[in-house]
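Okay, structure first, notes after.
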Amino acid sequence: MSRLRPECGTSTRPATPDDTVLFLVRDAVERRRELIYGKLSDDLGGHCAMGAFWEDNPRLVVNGSLVDEVAAVNDSLPRSATPKERWALVRSWLRWKIRSLAVRSE
């Protein structure tokens, strides 16, 4: 269960590997140009990074620790930051995180 996104709930199904999820989150974030703060989705069709992921991949299960890691980066800017600024930060972090996976596997 996620501390930062408790609305995610829990599942007894096996989680998708973290590396795979990071690539899918990156893809979901790339398809948007804004990210919201503090929750998966809002009433206006906005999403945080994990909300965007689940909008695109509704059947996948993710480890709670990874949900919290992505959510922490998503929410690391203050609420006053624009959705575009939040998107740029998360996008940059995801690119760094994926690059670091490649270095680890060499």
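Quick notes on this structure:
- Size of charge dipole - the chain - debye, nearest 20, with Cβ of Lys, Arg +1 and Asp, Glu -1, no other charges: 180
- Rg/Rh (Cα only; Kirkwood hydrodynamic radius) as it applies to the chain: 0.95
- Ranking of Lys84, Lys97 by count of other Cβ atoms within 10 Å, fewest first: Lys84, Lys97
- Burial order of peptide ranges 37-46, 62-71 (average beta-carbon count within 10 Å, highest first): 62-71, 37-46
- Between segment 1-37 and segment 70-103, the C-alpha centres lie 13 angstrom from each other.
- Residue among Pro78, Trp96, Ser41 farthest towards the positive dipole end of the chain, charges placed on Cβ: Trp96
Throughout, read-outs are computed from the coordinates displayed, never taken from laboratory work. Worth saying up front: this structure is predicted, and the values here are computed from it rather than measured. Note that each Cβ is placed from the backbone with ideal geometry, even for glycine, and that neighbours are counted across all protein chains shown.
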